[in-house]
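The values are calculated or read from the model by the stated rules, or taken from the named source; none is laboratory data. Computed from a predicted model, the values in this text were never measured in an experiment. So basically every Cβ, Gly included, is an ideal-geometry build from the backbone, and we count neighbours across all protein chains shown. Ligands, DNA and RNA are excluded from the accessible area calculation, which covers all protein heavy atoms including side chains. Shrake-Rupley method; radii C 1.70, N 1.55, O 1.52, S 1.80 Å.
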Amino acid sequence: MTRLPAFLLLFILSTTSAVASGSVGGFLKSIDLYRQAPPQSDLPAGWLSANRLRLEAEGPLAGNWQFNIAGENLLLYSDPPRLTPLPGENINRRVDLESDWNRDGHFADQLQIDRLQFSWQDDDNRFSLGRQALGFGRILIFSPLDIIAPFAPDVIDAEVRPGVDALQAAHYFGLGGELAGTVVFGQTARLNSYLATATSNISGVDLLGIGGSLRGRAMLGIGAAGSLGGLGIKAEVAFYRGRDVGQPGGDPDDQFSIGALELWYRFANDLVLVAEYLYNGPGTGDPRDYPGRMLTAPVEENLTYLLGRHYLLLAPSYELHPLLNLQGLLIWNLGDDSFLLRPLIDISLADNLSLQLFWSFFVGDKPRRQPISPLPEIRSEFGSAGGAGGLFLAYHF
């Protein structure tokens, strides 16, 4: 990867006249939590505080050109050190615009350029290049078609998608139709992605198709989103041809797929329930194979965050008061009968200031010590994790 000092580039960008002509904003966020020790593990319990300051500017340039620039600083405290390390290299970035300090200490810091995008647009066409946000699928909890930089299904903060180095050209047609071509530049040319997408609306149903090469593997995906009365329905499936199958860091199978069906409904009492069935093709039905699946490419590239095959995901929410929202998340591995359950309270403290309080419960068969092996036998996915919880404070400006 090409290396440029992030702090130097951020200084240069902040002094340009282009930034002065646009709008400037950002946020300050802090996630502070306690993690219990995993069962039958030598890993300790610990405390973690992740504090993010983001500055972002966007505005017009000459003609139909626009710019979007953002810098972000992450200050991480962990006790013991490296309980959660600083983020590593992003597989979808060719140019290194990050600088780290004290990576192995109690306090670690990372400064990065997360947006460096220039775009051109008229009534029928759009072109963008540089570090930008790319998202494809429509399913809310975990989308099989969100294949470039997806969020984990249990992520607390999904407001800002990590930027990737890309070039994209799109043409609009009809009512909501779009044809687009995208090139995402990976760490090396071998990890580049070349994708074509098409969206359209037919009889009230939004359709999405995507195909091409994703970091060296052929893929094809389709999705549909519509409604039946008050019931929202979304379905997506992605098919892959495996890359480096059976090799360290390769795909687990010659062919695999990830698919999901999601339902959304608002009840008369304003309770909103989102339910998703997920088929996770890169996973396995045998818990003893979970450690091996963690080292495969789909997990390392975040195509999936889960290790089993079949899941039920639920995300209810209820507005108890205009300033108080109750939320929940259930991720249930239907194969080994383990699950993650996370209740959450979302409180609006003031304009642009919010607080979330949460705790994640991990329930399932605990690992079992083996008499002839130093490693415990894994018997379930979520039974192998310790509980965690704390608070998330966010201020936007």
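Results, tabulated for the structure shown:
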{"quantity": "Inter-centroid distance (Cα atoms) of segment 119-196 relative to segment 221-265, Å", "calculated": "17"}
{"quantity": "Residue-averaged 222 nm ellipticity for the chain, from DSSP H runs of 4+ at -39500 (n - 2.57), nearest 500", "calculated": "-1000 deg cm²/dmol"}
{"quantity": "Euclidean distance between Cα centres, segment 271-290 to segment 306-329, Å", "calculated": "16"}
{"quantity": "Per residue solvent-accessible surface (Å²) - the chain, probe of 1.4 Å", "calculated": "49"}
{"quantity": "Leu207-Ala37 FRET efficiency (beta carbon distance; Förster radius 35 Å; 0.05 resolution)", "calculated": "0.15"}
{"quantity": "Per principal axis, descending, Cα span of the chain in whole Å", "calculated": "70, 52, 51"}
{"quantity": "Apportionment of accessible area to carbon and sulfur, segment 83-225, percent (1.4 Å)", "calculated": "60"}
{"quantity": "Contour minus Cα-Cα distance for Ser23 and Leu175 (0.36 nm per residue)", "calculated": "51.7 nm"}
{"quantity": "Heavy atoms of Lys366 accessible to a 1.4 Å probe, total area in Å² rounded to 10", "calculated": "90"}
